[in-house]
Amino acid sequence: DARLEMPGWDRAGFAAEGWSPVSSEDRDGVELSVSPTPPLRATLEIPAAEVRKSSQGWLVDFGQNMSGWVRMKLRGRPGKTIRLRHGEVLDAEGGLYTENLRGATQEGSIQVSDTKVITRESSFSLNGFRFIEVTGLIGEPSPDEFTARAVHSDLPLTGSFECSDAELNQVWRNTVWGQRVNYVCVQTDCPQRDERLGWTGDAQLCAPLGTYNMECAGFFRKFLIDLADGQSIEGGIPEVGPRISTFLDAAPAWGDAFIILPWILYQMYGEVESIAMH
């Protein structure tokens, strides 16, 4: 809610009378350690390819499916809400298709305090999208007011592929984008619907290709620590890492990731640390 923003709050010398200090609580005694994998970063910026009118507002097409968020220049009416919806594809009528999201909304909203143009980006959650639909704007927006920022674990690209077959080259590029959108601290199974979890089966199946494309040693080392932390009292491997309490221990092909991933790291990188640890 931009109406609640205090001018100058983010600058030295701001008079913060009435602000309460942070509170502290006792921790559970678990040792903190540095994550072995690079942090999430916006590694690529993609300008909007097209903006067109939709039945609800304005539909913005970035021409590429991705995981991340959008930096926008917005102008709305004071006290009114600007709404933002994300989606991967369009329906038969050319509108934003969201049925595949199931229980996820992939929505955001902003309330503005005046009619001035503001620049905003939501850097606290990720969305899987190619399109966004924006409602509540004043006037017709232009493509240069929207920039998509692709966000994922900042793993260096170490492998490439090119041949004389354009379609096969595109298949490889698709795998790299699939890796970009799902290597997000852990390997998720999807970046958009209500199932964005670090599924063990997906991780062990994709790791052989993933380690060719990117430097993933620390990434999977971290994931294996998550699985070890989530083992049941009987030693069962969780279906997802980090463990979600409502899930059962993993079935074959899922729980096998705890054995397969250290072996892949050894084959690809000569990495013995994970074998020794687990």
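The values are calculated or read from the model by the stated rules, or taken from the named source; none is laboratory data. Because the structure is a prediction, the values reported are computed rather than measured. Every residue, glycine as well, gets a Cβ built from its backbone with ideal geometry; the counts of neighbours run over all protein chains shown. Heads up: the accessible areas ignore ligands, DNA and RNA and are worked out on the full protein's heavy atoms, side chains in. Shrake-Rupley method; radii C 1.70, N 1.55, O 1.52, S 1.80 Å.
Summary table below
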quantity: Given [x] 1.80; [y] 1.17; [z] 1.26, the label whose value is Cα Rg over 2.2 N^0.38 Å derived from this model; calculated: [y]
quantity: Residue-count net charge about Gly159 - beta-carbon cut-off 13 Å; Lys, Arg +1, Asp, Glu -1; calculated: -1
quantity: Residue-averaged [θ]222 nm for the chain, counting only DSSP H segments that reach four residues, each worth -39500 (n - 2.57); calculated: -7000 deg cm²/dmol
quantity: Where GluC sites (Glu not before Pro) fall in DSSP loop in the range 219-272, at most 13 other Cβ within 10 Å; calculated: Glu234
quantity: Helix 217-229 vs. the chain, principal-axis angle (Cα, 0 to 90°, nearest 10); calculated: 80
quantity: Solvent-accessible area, 1.4 Å probe, carbon plus sulfur percent, for the range 186-226; calculated: 57
quantity: Derived scalar couplings ³J(HN,Hα) [the range 24-32; Karplus, 6.51 cos²θ - 1.76 cosθ + 1.60; whole Hz; x for Gly, Pro]; calculated: 10, 10, 5, 8, 8, x, 5, 5, 7
quantity: Estimated D of the range 144-278 in µm² per second, where Rh is the Kirkwood radius over Cα pairs and Stokes-Einstein applies at 20 °C, 1.002 mPa s; calculated: 136
quantity: Angle between the chain longest axis and helix 166-182 axis [Cα atoms, degrees, rounded to 10]; calculated: 80
quantity: The range 1-104: chymotrypsin sites (Phe, Trp or Tyr not before Pro) in DSSP loop, at most 10 other beta carbons within 10 Å; calculated: Trp9, Trp19
quantity: Chymotrypsin sites (Phe, Trp or Tyr not before Pro) restricted to DSSP loop in the range 119-196 with at most 15 other C-beta within 10 Å; calculated: Phe124, Phe161
quantity: 14 Å beta-carbon shell around Glu50, net charge (K/R +1, D/E -1); calculated: -2
quantity: Surface/4 estimate of mean projected area, convex hull on alpha-carbon atoms of the range 45-153, nm²; calculated: 6.9
quantity: Where the range 30-100 is the region considered: accessible area per residue in Å², 1.4 Å probe; calculated: 58
quantity: Cα long-axis angle, helix 200-213 against the chain (0 to 90 degrees, to the nearest 10); calculated: 90
quantity: Pairwise label distance in nanometres, Arg77 with Thr115, each label 7 Å out on the Cα-Cβ vector; calculated: 1.1
